[in-house]
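To keep things clear, I will list the structure first and then write my remarks on it.
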Amino acid sequence: MASEPLLELDSVEAGYGRAALVLRGLTVRVPPATIVCLVGPNGAGKSTALKVASGLLKPRSGRIRVNGRDVTGEGPRRMLATHGVAHVLQGHSVFPEMTVAENVAAGAYTVRDKAFVARRTDFVKELFPVVAERWKSLAGLLSGGQQKQVEFARSLMVDPSVVLLDEPSMGLDPKTAGTVFDQVVRMRDAGTAVLLVEQNARRALEIADIGCVLDLGKVHIEGPAGDLLANPDLADLYLGGSARAY
Amino acid sequence: MLTFQSVILGVLLGGLYALLAAGLTLYFGVMRVVMIAHSAFLILAAYLAWYFHRETGIDPLVSLVGTVPLFFVLGVAMQRLLISRLRAATLTMMSVLLTFAIALLIEGLLGYVFSGTQRRTQLSYSGTSLDFFGARVAVVKLIAFGLAAAALLGLYVLLKASRFGLALRATIQHREAAQLAGIDTNRVAGYGFGLGLATAAIGGTALALDTTIYPSLHWHWIGPLMAIIVVGGLGSVPGAAIAAMLLGLTQSLLQLPLGTTWAQTVFYVALFATLAFRPQGFFGGRLAQRF
Ligand SMILES: Nc1ncnc2c1ncn2[C@@H]1O[C@H](COP(=O)(O)OP(=O)(O)O)[C@@H](O)[C@H]1O
Ligand SMILES: [Mg+2]
């Protein structure tokens with residue numbers, strides 16, 4: 001846990017247009033090959049935090065670092081291709097009128113090395129069997145859980161060092177959500193760090209290594225995910241009921 | 001036999017509609033822009049082809065060498081300098097006003113430079129027609145169709161088989177996800193706009209071969225084209241092409257019993273039917289559901 005963070009948001013302030021700030025001094029560190037889970041109420045700024053981390057949204061102040069290097073203000077293309085930060089958006093974000101194969105190919109848009117792309121394609125097909133099974137189907141025709149796996153596969157094509165996952169279990173039935181959580185663990189085990197945002201906080205903390213509770217644009221509590229799960233006050237406030245019930 | 005003649009003419013007309021509708025679909029796809037000036041650019045290209053032929057005596061088809069790149073660059077510039085300045089929240093609405101103004105501007109310029117006189121390109125082969133299983137088809141119409149079909153095929157191959165096409169389709173289908181895949185969606189949208197305007201250049205040249213043109217002619221085109229892209233499912237190029245063919249054919253078939261004006265109403269009937277029964281369009285259109 002003491003290792004140098006791979007991705008670091010340091011005292012980030014950010015917001016949309018002239019509206020009030022959404023993030024008010026957010027600090028989050030993601031060590032290598034670790035699942036860091038960001039939980040917090042709706043509207044707390046979790047999605048906004050991920051957008052800042054992937055370059056979709058420029059912070060007003062604060063720094064973003066990857067491997068200790070300051071990358072503040074860089075756009076999504078460089079964040080992905082140069083710094084290895086991939087982002088899977090909240091909700092459905094496949095390209096619906098493209099085949100699964102084309103979606104996966106789009107994930108490697110910034111990569112010119114054909115052999116590398118072929119290796120990554122084999123890798124994601126093996127990690128997500130659905131991707132291989134539905135290779136020729138239009139992505140928009142897949143179920144929600146299958147689409148999410150296509151999105152995962154697409155994001156892993158560049159072999160990112162960290163993936164940002166925004167509520168990947170949203171809208172999925174419990175069994176499918178379970179599959180998706182398993183796959184998040186497998187991504188981590190394959191060496192990719194994960195910054196995971198979840199409404200389903202309890203399930204997420206169960207697979208995470210580190211938990212952060214975000215409220216009003218700031219991290220209020222941070223610690224080993226197990227400690228957060230066991231903390232009765234937190235359970236009441238953020239995890240929907242007391243941990244003592246378990 | 002007259003019916004067969006109408007079918008042939010309908011297919012030939014449908015090809016031109018399909019190409020132009022593909023252009024409109026591109027603007028809407030990349031920018032959510034309703035481009036009222038598309039048909040004004042069509043007529044502008046037709047004038048340039050006619051003028052080129054009148055001044056040089058060279059076949060008007062050759063004018064494509066100049067108008068296609070010119071329109072492409074104009075399209076990119078229009079997206080960069082005008083459309084991208086519009087605020088996202090009101091973009092579609094404002095784009096109607098903005099491009100309406102551009103259409104009026106082009107019409108005014110054409111009237112000013114070339115006067116309101118009706119113009120027609122006179123070619124050595126203007127009067128030639130071929131016998132096609134009993135139907136008489138003017139050679140210029142065949143050439144116009146061939147041009148439109150080739151351009152449409154080229155566009156299709158570009159979209160389906162090139163790296164740029166992948167980026168363009170990704171930008172149309174989910175802009176933010178496209179950015180996260182490393183695609184420069186602003187640049188791609190500019191090129192998409194340029195391609196759309198290039199279809200107007202090609203269509204205009206085809207039009208100049210066999211149609212009498214005048215500055216306000218574009219108003220006859222924009223309504224049917226708008227109807228086609230709604231029926232086809234906004235944002236779907238194949239959908240627009242199928243709708244264009246079917247409606248072009250229907251229009252042509254209705255021309256004999258109903259006359260030209262009433263035959264045109266087929267577009268509006270189809271438009272109302274689409275909005276009433278299947279607002280996402282009849283072909284493709286998973287995309288349109290999201291807007
Ligand atoms: N594109 C946007 N434009 C303006 N405000 C936004 C936008 N996205 C989110 N917000 C606002 O920012 C705040 C935080 O949103 P978000 O980061 O999506 O929260 P969370 O993901 O934690 O639910 C909310 O008040 C939301 O209304
Ligand atoms: Mg969110």
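The values are calculated or read from the model by the stated rules, or taken from the named source; none is laboratory data. In this text, all values refer to a predicted model and were calculated from it rather than measured experimentally. Reconstructed Cβ throughout: ideal geometry from the backbone, glycine too, with neighbour counts over all protein chains shown. For accessibility, only protein heavy atoms count, side chains too; no ligands or nucleic acids. Shrake-Rupley method; radii C 1.70, N 1.55, O 1.52, S 1.80 Å.
Some observations on this one:
- Enumeration of residues in the range B:169-183 that are without any contact (Cβ under 8 Å) to a residue 40 or more places away in the chain, in contact with a Ser or Thr (Cβ under 9 Å, 6 or more places away or on another chain) and either within 7 Å of chain A (Cβ to nearest Cβ) or open to solvent by less than 20 Å² (accessible area, probe 1.4 Å) (or both): B:Ala170, B:His174, B:Glu176, B:Ala177, B:Ala178, B:Gln179, B:Leu180, B:Ala181, B:Gly182, B:Ile183
- The lone exception for B:Ile8 - which of (1) open to solvent by less than 10 Å² (accessible area, probe 1.4 Å); (2) more than 12 Å from the chain's Cα centre (by Cα); (3) β-branched (Val, Ile, Thr) it fails: (1)
- Applying the condition of being at the interface with another protein chain (Cβ under 8 Å from one of its Cβ atoms) and free of Cβ contacts under 8 Å to residues at least 40 places away in the same chain to the range A:76-104 and asking which residue is nearest to A:Glu151 (Cα to Cα) yields A:Glu102.
- Within the range A:26-74, the set of residues being under 14 Å from A:Val12 (Cβ atoms), among the basic types (Lys, Arg) and away from ligand 1 (no atom under 16 Å from the Cβ) comprises A:Arg29, A:Arg63, A:Arg65.
- When each of B:Val73, B:Val68, B:Val96 is tested for being touching a residue at least 40 places away in the same chain (Cβ under 8 Å) and open to solvent by 90 Å² or more (accessible area, probe 1.4 Å), the lone residue that passes is B:Val73.
- Yes/no for A:Leu156 being buried (at least 19 other Cβ atoms within 10 Å of the Cβ) and either in contact with a Leu (Cβ under 7 Å, 6 or more places away or on another chain) or without any contact (Cβ under 8 Å) to a residue 40 or more places away in the chain (or both): no
- Any chance A:Leu38 is within 16 Å of ligand 2 (Cβ to nearest atom), in a strand (DSSP E or B), open to solvent by less than 50 Å² (accessible area, probe 1.4 Å) and under 27 Å from A:Gln147 (Cα atoms): yes
- Filtered by the rule that a residue be of a type in the set (S, T, N, Q), farther than 24 Å from A:Pro32 by Cβ and over 15 Å from the mean Cα position of the chain (by Cα), the range A:43-98 gives a lone residue, A:Ser61.
- 2 or more residues among the β-branched types (Val, Ile, Thr): qualifying helices (runs of 4 or more DSSP H) within the range B:128-220: B:139-161, B:163-173, B:185-210
- Residues in the range B:189-211 that are open to solvent by 20 Å² or more (accessible area, probe 1.4 Å) and at pLDDT below 95: B:Asp210, B:Thr211.
- Only one entry in B:Ile43, B:Ile83, B:Ile36 is buried (at least 19 other Cβ atoms within 10 Å of the Cβ) and under 14 Å from B:Ala206 (Cβ atoms), namely B:Ile43.
- Restricting attention to the range A:159-200, the residues that are within 16 Å of ligand 1 (Cβ to nearest atom) and surrounded by 22 or more Cβ atoms within 10 Å (Cβ to Cβ) total 9.
- One residue stands out in the range A:41-87 among those that are within 12 Å of ligand 2 (Cβ to nearest atom) and not polar (S, T, N, Q): the one that is most open to solvent (accessible area, probe 1.4 Å), namely A:Gly43.
- Test: A:Ala139 is open to solvent by less than 40 Å² (accessible area, probe 1.4 Å) and over 20 Å from the mean Cα position of the chain (by Cα): yes
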